[in-house]
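The values are calculated or read from the model by the stated rules, or taken from the named source; none is laboratory data. Because the structure is predicted, anything quoted here is derived from the model rather than measured. Because the Cβ atoms are built from the backbone with ideal geometry, glycine has one as well, and the counts that use them run over all protein chains shown.
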Amino acid sequence: MAKETKPLQEKLTQWALAHLDSIFAVLRVIKPTVVFKGNAVVTRFEDVVEVLNRDWVFRVPYAEKMNKVTDGSNFFLGMENTDQYTRDVSNMRIAARREDIADIIKPFVDQTSTSIVKSAGGRMDVVQQLTRVVPTRLIGEYFGTPGWNETEFANAATIMFQYLFYPDDPAVEEKALRAAEQTRNYLDQAIATRKATPINKDDVLSRCLKLQEAGMPGMSDVDIRNNLIGLIIGAIPTTSKCAAVTLNHLFNNSELMVVAQQAARADEDDKLIQFVQESLRLNPFAAGIQRVCAEDYVIAKGTLRSTKIPKGARVLAATQSAMMDGRKIKKPREFQLDRPAYSYMHFGFGLHTCFGQYINLTQIPGIIKAVLKRSNLRRIGDMKVEEPFPVSLEIEYDN
């Protein structure tokens, strides 16, 4: 009987994942917050914001896994609002500066993406040759950590991301912890080598070591390594997936593709950002953001939809649902380029808003722009996905 039940559960799960938009649409009307067996799903826009903005109630659940990835420590994504969290985020804001986007990141992404597309000879696998490669090379150029092998480095970041942010899977954990050990060893050696033989390069690693030399708290070799490993995990697979998904959405909508190509050829970067934002709203990176409720809490208190979430419940703040909530998002099923910034939850809200959101909103449009500028652009077959990430999107174009 147990053997029969498991395939049935798997089929139901697959069906639900394939129909999440419809399920969320029903829940937003009849039961905006559902609590069941120690879990809660929050679906309306205002309520999702409430969860993500109350970090003292709805806490991040990643510390245990981050401890394994870092071999006994943490990364600020897995921390609560503590002194260490503030220290580590502040340190990395000094090392990875917003002004670097215009001075370093955008020129590198534009040049690298254009070079790859031009050299591909009119046919390429966008995922394998571009969307994974550009962020990996940016990590090498900007962070100062190119990895031991470009492909293996990207694979390591991807499997660690899957381990940290997706449901538990023993096979994934085994691969991720092996990748984490290899990444730690590489970063330890990179830090030691840079200290032993300094180079005249203004990258994130050099800045971290200068802060260490100046006596900045939280900048030991291990601290630097842990912060770098966390940023690397968040930088490569997310960028690759978002760029591939955006391009695939445009291929699925020929009229949008025409407008997007016009914007790319005119270097209208702000418009391309909106193409990315809207494509990801309609094809979200994930169903939502996980939290754990630290105390009994009533969501949407004082309204007819108010619901008690018990202490210890695992909460999904369903950003996918929130971005389709017609109470806050005008005509949510339409693709519109003039939506206000609050319409998008790709980077979260509150304390744990994505550290690299401005880098992402530069890098993803830069990658797709290099593709969109090509003439006679066409897709060869459907995008291939090995959940949760795209693995192939083959295209042709006139070079």
Review point. Which numbered condition trips up LYS106, out of (1) surrounded by fewer than 15 Cβ atoms within 10 Å (Cβ to Cβ); (2) within 30 Å of PRO365 (Cα to Cα); (3) basic (Lys, Arg)?
Key: (1)
Exercise for review: Considering every residue within segment 171-179, establish whether at least one is without any contact (Cβ under 8 Å) to a residue 24 or more places away in the chain, farther than 12 Å from THR70 by Cα and among the aliphatic types (A, V, I, L, M).
Suggested key: yes
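Taking segment 360-394 as the search range and keeping residues that are within 20 Å of ILE101 (Cβ to Cβ) and among the β-branched types (Val, Ile, Thr), which one is surrounded by the fewest Cβ atoms within 10 Å (Cβ to Cβ)?
That would be THR362.
Please pick out the residue among ASN200, ASN226 that is under 22 Å from ASP100 (Cα atoms) and either aliphatic (A, V, I, L, M) or surrounded by fewer than 16 Cβ atoms within 10 Å (Cβ to Cβ) (or both).
The match here is ASN200.
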**Study point:** Selection status of GLY234, in a helix (DSSP H, G or I), in contact (Cβ under 8 Å) with a residue 12 or more places away in the chain, under 30 Å from HIS346 (Cα atoms) and in contact with a Gly (Cβ under 7 Å, 6 or more places away or on another chain)
**Key:** yes
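Does SER220 satisfy the criteria of being crowded, with 23+ Cβ neighbours inside 10 Å and hydroxyl-bearing (Ser, Thr, Tyr)? Explain how you work it out, then say what you get.
Working: crowded, with 23+ Cβ neighbours inside 10 Å: no; hydroxyl-bearing (Ser, Thr, Tyr): yes.
It is false that SER220 is crowded, with 23+ Cβ neighbours inside 10 Å and hydroxyl-bearing (Ser, Thr, Tyr).
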Review point. What tally of residues in segment 348-399 results from selecting those that are among the acidic types (Asp, Glu) and over 30 Å from ARG59 (Cα atoms)?
Key: 4
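Have a look at VAL391, VAL292, VAL371 and point out the one that is over 21 Å from GLY234 (Cβ atoms) and modelled with pLDDT of 95 or more. Spell out the reasoning first.
Working: VAL391 fails: over 21 Å from GLY234 (Cβ atoms); VAL292 fails: over 21 Å from GLY234 (Cβ atoms).
From the options VAL391, VAL292, VAL371, the qualifying one is VAL371.
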Study note, to complete from the structure: Within segment 312-333, residues more than 19 Å from TYR62 (Cβ to Cβ) and in a loop (DSSP other than H, G, I, E, B) come out as MET323, MET324, ASP325, GLY326, ARG327, LYS328, ILE329, LYS330, LYS331, PRO332, ARG333
Check your understanding: What single numbered condition from (1) touching a His at 6+ places or on another chain (Cβ under 7 Å); (2) free of Cβ contacts under 8 Å to residues at least 60 places away in the same chain fails to hold for LEU77?
Key -> (2)
Exercise for review: Please indicate, with yes or no, whether at least one residue in segment 127-150 is aliphatic (A, V, I, L, M) and outside any helix (DSSP H, G or I).
Suggested key: no
Practice item. Determine if segment 312-333 includes at least one residue that is under 24 Å from VAL259 (Cα atoms), surrounded by fewer than 19 Cβ atoms within 10 Å (Cβ to Cβ) and of a type in the set (A, V, I, L, M, F, W, C). Key: no
Revision key, fill the gap. The condition from (1) modelled with pLDDT of 95 or more; (2) under 19 Å from CYS354 (Cβ atoms) that GLU80 misses is numbered (1)
Revision key, fill the gap. Scanning segment 57-74 residue by residue, the ones that are closer than 20 Å to PHE355 by Cβ and in contact (Cβ under 8 Å) with a residue 60 or more places away in the chain total 11
Point to revise | Pairs with Cβ under 6 Å, 6+ apart, first in segment 323-349 and over 22 Å from PRO32 (Cβ atoms), second in a loop (DSSP other than H, G, I, E, B) | key: PHE347/THR353; PHE347/CYS354
Exercise for review: Sort out which residues of segment 273-297 are under 13 Å from the mean Cα position of the chain (by Cα), buried (at least 20 other Cβ atoms within 10 Å of the Cβ) and not in a helix (DSSP H, G or I), and write them in order of number.
Suggested key: PRO284, GLY288, ILE289
Point to revise | Residue satisfying all of: in segment 121-143; free of Cβ contacts under 8 Å to residues at least 24 places away in the same chain and not β-branched (Val, Ile, Thr); surrounded by the most Cβ atoms within 10 Å (Cβ to Cβ) among these | key: GLN129
Check your understanding: Condition test on THR5, is it of a type in the set (Ser, Thr, Tyr) and either modelled with pLDDT of 95 or more or surrounded by 10 or more Cβ atoms within 10 Å (Cβ to Cβ) (or both)?
Key -> no
Check your understanding: For VAL29, which of the numbered conditions (1) part of a loop (DSSP other than H, G, I, E, B); (2) out of contact with any helix residue (DSSP H, G or I) (no Cβ under 9 Å at 6 or more places or on another chain) fails to hold?
Key -> (1)
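For segment 117-150, what are the residues that are closer than 28 Å to THR193 by Cβ and either among the basic types (Lys, Arg) or more than 19 Å from the chain's Cα centre (by Cα) (or both)? Give the derivation first.
Of the residues in segment 117-150, the ones closer than 28 Å to THR193 by Cβ are 132-150.
Passing the criteria: ARG132, ARG137, GLU141, GLY144, THR145, PRO146, GLY147, TRP148, ASN149, GLU150.
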Check your understanding: Within segment 29-66, can you find the residues that are buried (at least 18 other Cβ atoms within 10 Å of the Cβ), under 11 Å from ALA300 (Cα atoms) and among the charged types (D, E, K, R)?
Key -> ARG44, ASP47, GLU50
Practice item. Can you work out which of the residues in segment 169-222 that are outside any helix (DSSP H, G or I) and among the charged types (D, E, K, R) is modelled with the lowest pLDDT? Key: ASP169
Practice item. Could you tell me which numbered condition VAL51 fails, if it satisfies all but one of (1) at pLDDT below 95; (2) at negative phi; (3) not hydroxyl-bearing (Ser, Thr, Tyr)? Key: (1)
